[in-house]
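What follows is a short report on a single structure.
Values in this text are rule-based calculations from the coordinates and carry no lab data. What you see is a predicted model; the values in this text were computed from it and never measured. Every residue, glycine among them, receives a Cβ derived from its backbone with ideal geometry; neighbour counts consider all protein chains shown.
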Amino acid sequence: MPATVTTIDTADAREARLPDGLLGPSAGAASGTAAAAGGTGAALPGEPLDHVGDWGRAATPAGAFHLLPVRIERDLPRVARWMNDPAVAAFWELSGPEEVTAAHLRRQLAGDGRCVPCLGVLEGTPMSYWEIYRADLDPLARCYPARPHDTGVHLLLGGAADRGRGLGPVLLRAVADLVLARRPRCSRVVAEPDIRNTPSVAAFLTAGFRFSAEIVLPAKRAALMIRDRAPRDPS
């Protein structure tokens, strides 16, 4: 099913879409699956996400936090375990044998850098999984008025002990701040949680994102959430 916009904020609707030619045929973050190797279109010059691994630490009320790019040989067992948690599997659709998660990670790591899978490390402990991606170069850009360098985020809180205590909004705000600080060409951070995942949508709202649209993606109906760099012009 093609991605469509079902409702959209009128101010966002005034933004011009990127031409389809700027998109790879299957960049892959929007539907929760990564691109197949070789399916990312023309190679991008430079570093599409400005070296996520070098963004440094963010001070949060919960402690020092940073993003650590995934290495399969080090991180696969941990990420696969998180993906098989029933609370996670309902929305990520990557549960099953470890090889399912491995294939997902390999597809992203074999790409051209427009999507970077990371561990979120809080006070020295890996406790979350993130995907930082170029939303303007992803199929997601076909169903909202994308701007150049829009940066998307996916978040998975790993262990059950880290859920239900307010960490989601804290970390989402920290990562959005890191994106905007380290990517000066990026004017906003976007996300597309499953519309049924009320706690996730609420976490984005608490973290300073706004609801922009309800969109239909191939694998889900999603809430398009946007965190703007600058206050919006109400006109």
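Some values worked out for this structure:
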read-out: By average C-beta atoms within 10 angstrom, highest first, the peptides 88-94, 124-130; value: 124-130, 88-94
read-out: Residue-wise HN-Hα coupling along segment 73-82, computed from phi with Karplus coefficients 6.51, -1.76, 1.60 (Hz; x: Gly, Pro); value: 5, 9, 10, 4, x, 5, 5, 4, 4, 4
